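Nothing in this text is a laboratory measurement; each read-out follows from the coordinates by a stated rule. Because the structure is a prediction, the values reported are computed rather than measured. When we count neighbours, we look across all protein chains shown, and the Cβ atoms used for this are built from the backbone with ideal geometry, even at glycine.
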Amino acid sequence: MSYKKILTIQDISCLGQCSLTVALPIISACGIETCVLPSAVLSTHTAGFSGYTFRDLTEDMPLICEHWKKESIKFDAIYTGYLGSAKQIAYVKDIFASCGSESLVKIVDPAMADGGKLYPGFDGAFVKEMITLCAECDYLIPNMTEACFLTGTDYKTEYSREYVDLLLERLTDLGAKNIILTGISYESKKTGVVVYENGKYSYYEHELLPNGCHGTGDIYASSFVGALMRGKSAYESARIAADYTLECIKATAEEKDHWYGAKFEPVLPFLINAINS
Ligand code: PXL
């Protein structure tokens, strides 16, 4: 097994089972050295809590990048998630340009929206910057809402293959090379993920569980990245990530005290087995 080093750039939500507190354990469990650059530190995530703290780390980014440049630090992959400001996107591009190995893989989860709405704190200016980051990435992992914001397409909850094809075409026009579009449901009780690799469409359909969980987008993207960096194809990685995310949702009983995230930790052996088989 070749040992890879990856950098992930996203926030620390101190409590919330999302972003870095999900990406670091999941990608590490996949057998990959996982370096982190926190975009912001929040006391909790922003979905369902009120009064959370938010420490913006935008101004640390260029300093960290300069230090890494001096130390000639290079990553095999860089995976970005929830960013703390529109300004960070230019800094992320600098990090792409200066801290990548020759075969750098750039993975962007444009974590900014769900359920037809932008998350609190995001606006049109952020979306505009995010569009420019999509142009640089090798793998773009949007959900349906993010795909709509990125392409200026009306958000729909019921749609046909033609609508999904239009989204894929528009995302490709932005410059995204490969697209992993999550939460695509063509029939009730089923959902799935579309993998659009160099213009080739494939679809992995699976059951739609009645209880969704917060943070599953980050679990999905992190396990996709882990599988991809362990040499699985994009389709295999998308399938492994979907199966693992489903297991995490199943493991999260409907407990009043645990409404804010998915219990992904006890199911890590499932992911590791899938990657090793
Ligand atoms: O899971 C995406 C995410 C990451 N980080 C923070 C969030 C959210 C979604 O709401 O609030 C801080």
Report task. Specify the inter-centroid distance of the stretch 10-36 and the stretch 144-165, based on alpha-carbon positions, in whole Å. Result -> 29
Query raised in the report: Counting alpha carbon pairs within less than 8 Å and at least 6 residues apart, what relative contact order, in whole percent, applies to the chain?
Result: 17
Query raised in the report: What's the Cα-based Rg to Rh of the stretch 176-234, Rh via Kirkwood?
Result: 0.98
Query raised in the report: Shape of the stretch 50-187 from its Cα gyration tensor (a ≥ b ≥ c, root eigenvalues): rounded if a/c is under 1.5, otherwise prolate when a/b > b/c, or oblate?
Result: oblate
Query raised in the report: If we count GluC sites (Glu not before Pro) as exposed when they sit in a DSSP loop and have at most 14 other beta carbons within 10 Å, what is the longest stretch of the chain that avoids them all?
Result: 72-157
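Volume per residue, Å³, of the convex hull around the alpha-carbon atoms of the stretch 1-74? Don't skip to the end; give the middle numbers.
Numbers: hull volume 5.5 nm³, N = 74.
Spread over its residues, the Cα hull of the stretch 1-74 gives 75 Å³ apiece.
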Query raised in the report: Along the stretch 62-67, what does the Karplus equation 6.51 cos²θ - 1.76 cosθ + 1.60 (θ = phi - 60°) give for ³J(HN,Hα), rounded to whole Hz, x for Gly and Pro?
Result: x, 5, 5, 4, 4, 4
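Sort 112, 144 so that the residue with the fewest other Cβ atoms within 10 Å of its own Cβ comes first and the one with the most comes last. Could you put the intermediate results ahead of the total?
Working: 112 22, 144 25.
Fewest-to-most Cβ neighbours within 10 Å comes out as 112, 144.
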Report summary line: From the cross-link list 128/177; 177/200; 74/128; 156/190, the entries with a Cα-Cα span beyond 20 Å are 74/128
Report task. Would you grab the residues whose amide H sits under 5 Å from the one on residue 8? Only those 5+ places off in sequence or on another chain, please, with H modelled 1.01 Å from N. Result -> 35, 36, 37, 79
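Nearest-5 percent of antiparallel DSSP beta bridges in the stretch 137-277?
Values: 12 of 15 bridges.
Around 80 percent of the beta bridges assigned by DSSP in the stretch 137-277 are antiparallel ones.
Taking the DSSP beta bridges in the chain as the whole, what percent of them are antiparallel, to the nearest 5? Present the calculation step by step, with values, prior to reporting the outcome.
Working: 17 of 40 bridges.
Rounded to the nearest five, the antiparallel share is 45 percent.
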Report task. Check the straight Cα-Cα distances from residue 70 and name the lysines below 20 Å, setting aside those fewer than 8 residues away within the same chain. Result -> 5, 93
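What full-extension length gain, to one decimal in nm, is calculated for residue 166 and residue 209 as 0.36 nm per residue of separation minus the Cα-Cα distance? Working shown, then result.
Working: separation 43, 0.36 × 43 = 15.48 nm, distance 2.68 nm.
Value of the extension gain: 12.8 nm.
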Requested in this report: Report the local net charge at residue 43: Lys and Arg +1, Asp and Glu -1, summed over other residues whose C-beta lies under 15 Å from its C-beta.
Outcome: -1
**Report entry** Distance between modelled label sites at residue 188 and residue 74, nm, 7 Å Cα→Cβ extension
**Finding:** 5.5
Requested in this report: For the stretch 90-101, just list the computed ³J(HN,Hα) in residue order, Karplus coefficients 6.51, -1.76 and 1.60, θ = phi - 60°, integers in Hz, with x standing in for Gly and Pro.
Outcome: 5, 5, 4, 5, 4, 5, 3, 6, 10, 10, x, 5
**Report entry** the stretch 42-175, relative contact order [Cα under 8 Å, separation at least 6], %
**Finding:** 20
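Full-extension gain between residue 265 and residue 15, please, as 0.36 nm times their residue separation minus the C-alpha to C-alpha distance.
On the way: separation 250, 0.36 × 250 = 90.00 nm, distance 1.44 nm.
Result: 88.6 nm gained on full extension.
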Query raised in the report: Rounded to the nearest whole Å³, what is the per residue volume of the convex hull around the Cα atoms of the stretch 132-277?
Result: 114
Query raised in the report: What number comes out for the charge environment of residue 237, summing +1 per Lys or Arg and -1 per Asp or Glu over other residues with Cβ under 13 Å away?
Result: -1
Report summary line: For the stretch 264-271, in residue order, the Karplus 3J(HN,Hα) values (coefficients 6.51, -1.76, 1.60; θ = phi - 60°; whole Hz; Gly and Pro = x) are 7, 5, x, 9, 4, x, 4, 5
Requested in this report: For the stretch 1-124, build the convex hull from the C-alpha positions and give me its volume per residue in Å³.
Outcome: 114
**Report entry** Where N is the number of residues in the chain, Cα Rg divided by 2.2 N^0.38 Å
**Finding:** 0.93
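Please give the FRET efficiency for residue 272 paired with residue 125, using the beta carbon to beta carbon distance and R0 = 41 Å, rounded to the nearest 0.05.
On the way: r = 40 Å, r/R0 = 0.99.
Rounded to the nearest 0.05, the efficiency is 0.50.
Can you put 42, 228, 63, 208 in order, fewest other beta carbons within 10 Å first?
Lowest count first: 63, 208, 42, 228.
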